[in-house]
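**Q** Submitted below is the structure of interest, expressed as structure tokens.
Values in this text are rule-based calculations from the coordinates and carry no lab data. Quantities reported herein were computed from a predicted structural model and do not represent experimental measurements. Neighbour counts are summed over all protein chains in view; Cβ atoms, including those assigned to glycine, are modelled from backbone coordinates with ideal geometry.
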Amino acid sequence: MRLLAQCSGVALFAALAGGALAYQPSVNFQLHCMGCHLADGSGQPGRVPSIRRSLAFLSATRAGRDYVVRVPGVAQSPLSDSDTAALLNWMIRNLSDSNLPRNVADYSAAEVERLRHAPLAKVKDLRARLLGGMRPAAAGE
């Protein structure tokens, strides 16, 4: 009985503390993204897009940044705004195949908070439009 009370107390504390625990971005990637985007960010062709060439490219423009934060997996993540921003910044630096564009700024918690409350409905169509200027091989990922 005492063990049950202790476990209930831990569960209550976790719920009151905001749900998701804070981890390093690499751990958050493993817990929240890797199941679909795979360990190297390559995705699953025809189902889940690769982020290896596209994430940094998208993050270099206002429209692309809005898209990245509003993708349902990001927008509806249980992570805090600051943990989500840190995760996106880690992904850009650690999973990109190419050099980062000079104009890629770090995501901020305020930017994530502002955008994530309007998740996208037609993700695939918008992604195709935004990547229209990329090389064909990269855009098809």
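**Q** Going by how many other beta carbons lie within 10 Å of each one, how would you line up S54, S98, S77, fewest first?
**A** Lowest count first: S98, S77, S54.
**Q** Quote the FRET efficiency, to the nearest 0.05, computed for A121 versus S82 with a Förster distance R0 of 30 Å and r equal to the Cβ-Cβ distance.
**A** 0.70
**Q** Can you give the FRET efficiency to the nearest 0.05 for A60 and S26, using r as the Cβ-Cβ distance and R₀ = 25 Å?
**A** Step by step, r from the Cβ atoms, then E = 0.65.
**Q** Name the long-range amide H neighbours of G43: under 5 Å, sequence gap of 5 or more, or other chain; modelled H, no Pro or chain starts.
**A** L38, I51
**Q** I would also like to ask the following. What does the charge add up to near F29, with Lys and Arg as +1, Asp and Glu as -1, over the other residues with Cβ less than 14 Å from its Cβ?
**A** 0
**Q** Something else about it: Starting from 0.36 nm per residue, how many nanometres of slack lie between L38 and N94 once their C-alpha separation is accounted for?
**A** Result: 18.8 nm gained on full extension.
**Q** Further, regarding this structure: What list of ³J(HN,Hα) couplings, whole Hz, do you get for the range 71-83 from phi and the Karplus terms 6.51, -1.76, 1.60, once you set θ to phi - 60° and write x for glycine and proline?
**A** 4, x, x, 8, 4, 9, 5, x, 5, 5, 4, 5, 5
**Q** Additional query: What order, most packed first, do the peptides 34-41, 109-116, 88-95 have when packing is the mean number of other Cβ atoms within 10 Å of each residue?
**A** 88-95, 109-116, 34-41
**Q** Quick one: compute the contact order of the range 23-139, relative version, from alpha carbon pairs under 8 angstrom and 6+ residues apart, as a percent.
**A** 29
**Q** I've got another one for you. If we count every other residue with Cβ under 11 angstrom of A109's Cβ, Lys/Arg +1 and Asp/Glu -1, where does the sum land?
**A** Result for the local shell: -3.
**Q** About the Cα centre, and with charges only on the beta carbon of Lys, Arg (+1) and Asp, Glu (-1), how big is the dipole of the range 23-139? Nearest 20 debye, please.
**A** In total the dipole reaches around 480 debye.
**Q** Would you kindly derive the ³J(HN,Hα) couplings of the range 104-118 from the backbone phi angles with the Karplus curve 6.51 cos²θ - 1.76 cosθ + 1.60 (θ = phi - 60°), listing them in order in whole Hz, with x for Gly and Pro?
**A** Taking θ as phi minus 60°, the curve returns 7, 9, 5, 6, 10, 4, 5, 5, 4, 4, 5, 9, 6, 7, 10 Hz for the range 104-118.
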